[in-house]
Amino acid sequence: MRILFIQQDVFKNYGTMLLSGILKKNGHECDILIDALERDLMKKIKLINPDIIGFSITSSIYSWMKETAKKIKSNFNKPIIVGGPHPTFFPELINEDFIDIVCIGEGEDAILELLDALEIKKDITKIKNLWVKKNGETYKNPIRNMIEDLDSIPHADRNLYNKYPLLKNQNTDVFMAGRGCPYNCTFCFNKAYNKLYEGKGKLLRRRSVSSIIEEIKKAIKINKKVDYIVFYDDTFILGPREWFNKFFVKYKQEVNLPFSVTVRANLVDEDIIRKLKLVGCNSVKMGIESADPYLREKILKKEVTNEQILNAVKIIKKNHIKFQFFNILGTPGETLKTALETYELSYKLHPHHAWCSLMHPFPGTELNEFVRKHNLIEKNHNFEDLDNSYFNTLPINIKNKREIVNLQKLFQFGIFFRIPTSVMKYLIKLHMDRLFGLIFKINYGIGVKRMDNLDWTYLFKVAIHSKNYFKK
């Protein structure tokens, strides 16, 4: 069977590469098309002539998927399967006439079972993790247990994106050492995901050291231009110290490339940061979200204190590792005062990059329930409103909304150029939306470059292709 994956963004999707890896190992064919890089998507689909077409989506790109899948359905009589975070929590997407199959949760075993069954024309209506539409009926199957042995999953298919020179020659590569997050942040899907899999296996899982090292070495051999590694784990340092001690030794001996990871302030200590530095970690990313303890701990339920943030930064700076903050403005209860306090915290701690988002209460999260219960968002706000808007708009109704949105656009710029809060509070009152938007995009690229060591040529080409895509 031949499956064709369709994606929007000009980035390697690690999850899609994993699916391709397991399918190819079992005799199936996989291909991919990136919408932003294609002049005529329908023509390319016709040339590839797949047996089935797949999308992996978050809520923020639902409307893109909807538009694209509709067009595909009008041109080709091919089954379409949709997986990823969004359909995991909204499998009712199966009711859309352009979707035939929805995959809930982990998709590796489900998609392999599906393609195996389709190849021999076997019934597909009883495959766990799948909702299947057939002959006017919808078959809603339960989810299977979590994949506890992550080493059983074949390595990600690093050749999947080779048709695109922009990605084939990229100087960084992405990996995941484990799965699972035990925290219950209200703005994140993890809480609902953990509930979905309750009683279905061990939540926190980690690959063996030999497995992840072997995959990295294999990837470097395929693309000799790789000089930097990015670990996509939600919280890389979450796990047994025995694993890390073994990993650090083996990584230094057999890989020895600089890398970046995501950490959590409450888990940072001198020992883990010092060892990360010794084996090549040169940047860490850490979620702060808000400087206001009430917003961070009571509304967002981040479970991180001011003391832990300050201590983590002290340790990271002491070990001379670059660090990035993740901030969010526009949380329910946010005021201009608390927003400026968040800016002031980054200004004082001076991260190498101060990423800042606008709050979007994604459907399926606890925060979404909160804002709807308190009438802080329009009742008709839906999935289509999310498409790429989390960079640009703030859907939550709060005071001083325009100034807070402007602060988000200027946040990284202000920290980089050391603009004090006393000046920033006047800048954000200006009516210069287009200029602020441009400043935000430029500083986003600078931040990615500084933290993940991406090549400037690659970033420039991504920006050009993304600009062309959004003109479609």
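The values are calculated or read from the model by the stated rules, or taken from the named source; none is laboratory data. All values derive from a computational prediction rather than experimental measurement. Cβ sites come from the backbone with ideal geometry, for glycine too, and all protein chains shown count toward neighbours.
Of the set (1) among the aromatic types (Phe, Trp, Tyr); (2) over 22 Å from residue 88 (Cβ atoms); (3) surrounded by fewer than 18 Cβ atoms within 10 Å (Cβ to Cβ), all apply to residue 139 but (2). Looking for something charged (D, E, K, R), in a loop (DSSP other than H, G, I, E, B) and modelled with pLDDT of 95 or more - is there at least one such residue anywhere in the range 316-335? Checked against the condition, which is being charged (D, E, K, R), in a loop (DSSP other than H, G, I, E, B) and modelled with pLDDT of 95 or more, the range 316-335 yields at least one hit. Please specify each residue of the range 265-304 satisfying the condition of being on the phi < 0 side of the Ramachandran plot, without any contact (Cβ under 8 Å) to a residue 60 or more places away in the chain and part of a loop (DSSP other than H, G, I, E, B). Once the filter is applied, which keeps residues that are on the phi < 0 side of the Ramachandran plot, without any contact (Cβ under 8 Å) to a residue 60 or more places away in the chain and part of a loop (DSSP other than H, G, I, E, B), the range 265-304 yields 268, 269, 279, 290, 291, 292, 304. Whether any residue in the range 56-74 is in contact with a strand residue (DSSP E or B) (Cβ under 7 Å, 6 or more places away or on another chain) and part of a strand (DSSP E or B) is what I want to check. Checking the range 56-74: at least one residue is in contact with a strand residue (DSSP E or B) (Cβ under 7 Å, 6 or more places away or on another chain) and part of a strand (DSSP E or B).
Only one entry of 157, 109 meets the criterion of being buried (at least 16 other Cβ atoms within 10 Å of the Cβ), acidic (Asp, Glu), under 23 Å from the mean Cα position of the chain (by Cα) and more than 25 Å from residue 190 (Cα to Cα), and that entry is 157.
Pairing each residue of the range 318-338 that is assigned by TED's automatic domain parsing to the domain that holds residue 351 and farther than 23 Å from residue 373 by Cα with any residue that is of a type in the set (Ser, Thr, Tyr) and crowded, with 18+ Cβ neighbours inside 10 Å, provided the two are 6+ apart or on different chains, yields C-beta distances under 8 Å for 321/283; 322/283; 323/283; 324/283; 325/346; 327/290; 327/342; 327/346. Scanning the range 1-29 for residues that are free of Cβ contacts under 8 Å to residues at least 60 places away in the same chain, touching a Lys or Arg at 6+ places or on another chain (Cβ under 9 Å) and either of a type in the set (Val, Ile, Thr) or surrounded by fewer than 20 Cβ atoms within 10 Å (Cβ to Cβ) (or both) yields a single hit, 29. Number of residues in the range 42-53 that are touching a strand residue (DSSP E or B) at 6+ places or on another chain (Cβ under 7 Å) and without any contact (Cβ under 8 Å) to a residue 60 or more places away in the chain: the value is 5. Name the single residue, out of those in the range 37-55 being of a type outside the set (Val, Ile, Thr) and assigned to a helix (DSSP H, G or I), that is surrounded by the most Cβ atoms within 10 Å (Cβ to Cβ). Only one residue fits best here, namely 37. For the range 31-41, state whether one or more residues are within 20 Å of residue 159 (Cβ to Cβ) and either without any contact (Cβ under 8 Å) to a residue 12 or more places away in the chain or over 22 Å from the mean Cα position of the chain (by Cα) (or both). Yes: one or more hits. Going through 92, 119 one at a time, which residue ends up being in contact (Cβ under 8 Å) with a residue 60 or more places away in the chain and not polar (S, T, N, Q)? So the residue among 92, 119 that is in contact (Cβ under 8 Å) with a residue 60 or more places away in the chain and not polar (S, T, N, Q) is 119. If I filter the range 223-238 for residues that are part of a helix (DSSP H, G or I), out of contact with any helix residue (DSSP H, G or I) (no Cβ under 9 Å at 6 or more places or on another chain) and not hydrophobic (A, V, I, L, M, F, W, C), do I get at least one hit? The answer is no, given that none of the residues of the range 223-238 is part of a helix (DSSP H, G or I), out of contact with any helix residue (DSSP H, G or I) (no Cβ under 9 Å at 6 or more places or on another chain) and not hydrophobic (A, V, I, L, M, F, W, C). For residue 214, the requirement of being more than 18 Å from residue 16 (Cβ to Cβ), in the same structural domain as residue 253 (by TED's automatic domain parsing), surrounded by fewer than 18 Cβ atoms within 10 Å (Cβ to Cβ) and touching a His at 6+ places or on another chain (Cβ under 9 Å) is met. Quick one: is residue 213 aliphatic (A, V, I, L, M), in contact (Cβ under 8 Å) with a residue 24 or more places away in the chain and not in a loop (DSSP other than H, G, I, E, B)? So residue 213 fits the description; yes.
So, of the residues in the range 160-173 that are surrounded by fewer than 18 Cβ atoms within 10 Å (Cβ to Cβ) and touching an Asp or Glu at 6+ places or on another chain (Cβ under 9 Å), which turns out to be farthest from residue 224 (Cα to Cα)? Residue satisfying both the conditions and the ranking: 163.
Could we say that residue 462 is surrounded by fewer than 12 Cβ atoms within 10 Å (Cβ to Cβ), at negative phi and outside the structural domain of residue 8 (by TED's automatic domain parsing) here?
Taking the combined requirement at face value, the residue does not satisfy it.
Residue 442: at pLDDT 80 or above, under 20 Å from the mean Cα position of the chain (by Cα) and β-branched (Val, Ile, Thr), yes or no? Give the steps one after another, and end with the answer.
Details: at pLDDT 80 or above: yes; under 20 Å from the mean Cα position of the chain (by Cα): no; β-branched (Val, Ile, Thr): yes.
For residue 442, the condition - at pLDDT 80 or above, under 20 Å from the mean Cα position of the chain (by Cα) and β-branched (Val, Ile, Thr) - is not met.
Take residue 63 and decide whether it is surrounded by fewer than 19 Cβ atoms within 10 Å (Cβ to Cβ), under 17 Å from residue 80 (Cβ atoms) and not basic (Lys, Arg). Let's see the steps before the verdict.
On the way: surrounded by fewer than 19 Cβ atoms within 10 Å (Cβ to Cβ): yes; under 17 Å from residue 80 (Cβ atoms): yes; not basic (Lys, Arg): yes.
For residue 63, the condition - surrounded by fewer than 19 Cβ atoms within 10 Å (Cβ to Cβ), under 17 Å from residue 80 (Cβ atoms) and not basic (Lys, Arg) - is met.
Applying the condition of being part of a loop (DSSP other than H, G, I, E, B) and in contact with an Asp or Glu (Cβ under 9 Å, 6 or more places away or on another chain) to the range 189-210 and asking which residue is surrounded by the most Cβ atoms within 10 Å (Cβ to Cβ) yields 207. The single residue among 80, 34 that is in the same structural domain as residue 113 (by TED's automatic domain parsing), touching a helix residue (DSSP H, G or I) at 6+ places or on another chain (Cβ under 9 Å), within 21 Å of residue 134 (Cβ to Cβ) and crowded, with 19+ Cβ neighbours inside 10 Å turns out to be 80.
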